[in-house]
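The values are calculated or read from the model by the stated rules, or taken from the named source; none is laboratory data. This is a predicted model, so every value here is computed, not measured. No Cβ is skipped: glycine too gets one built from the backbone with ideal geometry, and neighbour counts run over all protein chains shown.
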Amino acid sequence: MEAILHIGTEKTGTTSFQRYCYNNQAELMEQGIFYPAGLGGENHRFISMYGLEAENADEAMRAMNIQTASDQEKFRAKVEKTLDNQISGISSGSVALFSSEHLHSRLKDVASIGRVKSLLDQFFEKVTVVVHLRPQIDVAISLASTQARVGGSVRESFFNQMKVDNPYYNYNMLVGMWEEVFGASNIRCISFNSSPDFLSWFTKSFDLRLPKVSTDYRINEALDVQTIAMINALVDSGTGQNIDFRVLDRLPVKEKLTLSQASARRLQNAFVISNRALIDRRDDMKVGDLQPAWHKFPEKGNLEKLSERVFFAEGFAALVGYYNDIIGEEKSKS
């Protein structure tokens with residue numbers, strides 16, 4: 001039995017793809033694609049957690065109280081058992097599909113990736129790792145909305161994390177680690193510029209006939225710059241107040257966050273050499289695949305709207321706090 005391991009990257013429509021696969025498991029299975037359940041929800045976050053050690057636990061591991069090496073061993077055994085139970089009833093001619101963008105964002109060394117390989121090698125004769133690559137500056141701008149959704153501040157300093165020594169953004173390093181563990185011939189790089197819709201690429205690659213995608217919900221779409229400014233105000237208040245992301249996603253989006261073209265080019269230029277190194281050694285990448293669409297960046301951006309503290313931060317935080325308390329009380333009564 002073969003497996004496809006879709007590791008993202010983040011901000012390439014992974015959540016939409018995972019939700020579609022999760023909601024259409026039966027239809028996929030009818031056409032030979034097995035999308036497992038019980039591995040962390042709509043995505044397969046348990047796969048990335050399997051690769052981590054307890055001392056490097058991420059927020060999901062901490063939420064599950066995985067604190068010691070013994071805890072992690074028990075967790076890994078549970079994951080192995082879950083996979084074994086599910087795969088035992090699947091035809092050997094089927095293809096197992098796993099998808100978790102946390103494999104991109106959480107696994108930062110070959111040892112962690114190696115543990116994932118050791119898990120999959122127990123069940124599959126061949127594993128193909130699929131990496132969906134989007135220009136770095138586009139990822140960072142999209143990630144800003146995610147940062148705001150979880151209650152984080154977004155200002156100019158947010159973009160300082162775009163370092164060439166960070167495998168999150170340095171795709172040559174990222175793909176290189178997965179090549180080292182799984183073998184270069186078992187890695188498939190997909191250009192977001194050429195194939196922005198991963199579901200369409202996957203459907204065509206396997207000649208699938210699947211139900212149409214629902215478009216009646218927003219998944220991790222960009223927030224309005226004013227909404228991000230409100231989150232900044234809550235952070236500045238120091239109260240720890242948050243707005244539920246489901247509320248944020250209902251707010252209108254009239255002006256998305258954008259950087260000036262000069263700033264965007266400066267940040268993206270840090271990756272010109274590493275991007276070219278990746279393209280030069282990969283047959284599935286070509287010049288232009290990691291080039292941003294510069295015409296979409298204005299001469300003047302709007303990042304400066306997020307740079308100043310607002311005088312009403314504490315009052316706004318108090319308002320949100322009282323509102324959250326009232327909603328909590330109503331829920332407890334119902």
Would you point out the residue of the range 264-297, among those that are charged (D, E, K, R) and not in a loop (DSSP other than H, G, I, E, B), that is nearest to Val320 (Cα to Cα)?
-> Lys296
Checklist (1) in a helix (DSSP H, G or I); (2) out of contact with any Ser or Thr (no Cβ under 9 Å at 6 or more places or on another chain); (3) surrounded by fewer than 22 Cβ atoms within 10 Å (Cβ to Cβ) applied to Ala144, failing item | (3)
Out of (1) over 22 Å from Arg149 (Cα atoms); (2) without any contact (Cβ under 8 Å) to a residue 24 or more places away in the chain, the odd one out for Glu304 is which?
-> (1)
Filter result (surrounded by 11 or more Cβ atoms within 10 Å (Cβ to Cβ), of a type in the set (D, E, K, R) and either at pLDDT 90 or above or farther than 19 Å from Val154 by Cβ (or both)) within the range 306-325 = Glu314
Which ranges mark the helices (runs of 4 or more DSSP H) fully within the range 24-130 that have 2 or more residues being closer than 28 Å to Met162 by Cα?
-> 45-51, 59-63, 102-105, 110-121
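Listed residues Ser91, Ser118; which is over 15 Å from the mean Cα position of the chain (by Cα), modelled with pLDDT under 95 and surrounded by fewer than 17 Cβ atoms within 10 Å (Cβ to Cβ)?
Going through Ser91, Ser118 in turn, just one is over 15 Å from the mean Cα position of the chain (by Cα), modelled with pLDDT under 95 and surrounded by fewer than 17 Cβ atoms within 10 Å (Cβ to Cβ): Ser91.
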Only one of these conditions is not met by Thr239: (1) surrounded by fewer than 20 Cβ atoms within 10 Å (Cβ to Cβ); (2) in contact with a helix residue (DSSP H, G or I) (Cβ under 6 Å, 6 or more places away or on another chain); (3) over 27 Å from Tyr20 (Cα atoms); (4) modelled with pLDDT of 95 or more. Which number is it?
-> (4)
What residue, among those in the range 242-263 that are crowded, with 18+ Cβ neighbours inside 10 Å and modelled with pLDDT of 95 or more, is nearest to Phe316 (Cα to Cα)?
-> Leu257
Return yes or no: is Ala184 at negative phi and in the same structural domain as Tyr322 (by TED's automatic domain parsing)?
-> no
Which of the residues spanning the range 164-192 are within 26 Å of Leu259 (Cα to Cα), of a type outside the set (A, V, I, L, M) and surrounded by 17 or more Cβ atoms within 10 Å (Cβ to Cβ)?
-> Pro167, Tyr168, Tyr169, Asn170, Tyr171, Asn172, Ser191, Phe192
Those helices (runs of 4 or more DSSP H) lying entirely in the range 181-263 with at least 3 residues touching a residue at least 40 places away in the same chain (Cβ under 8 Å) = 198-205, 225-237
Per the filter on the range 59-88, residues at pLDDT below 95 and surrounded by 18 or more Cβ atoms within 10 Å (Cβ to Cβ) are Ile87
Give the range 214-223 a look and list any residue that's surrounded by 15 or more Cβ atoms within 10 Å (Cβ to Cβ) and either over 20 Å from the mean Cα position of the chain (by Cα) or modelled with pLDDT under 95 (or both), or say none.
-> Asn220, Ala222
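Looking at Gln226, Gln161, can you tell me which residue is of a type outside the set (A, V, I, L, M, F, W, C), exposed (fewer than 13 other Cβ atoms within 10 Å of the Cβ) and within 16 Å of Ser142 (Cα to Cα)?
Only one candidate qualifies: Gln161.
Restricting to the range 26-69, name every residue that is of a type in the set (Lys, Arg) and either in contact (Cβ under 8 Å) with a residue 12 or more places away in the chain or in contact with a helix residue (DSSP H, G or I) (Cβ under 6 Å, 6 or more places away or on another chain) (or both).
Arg45
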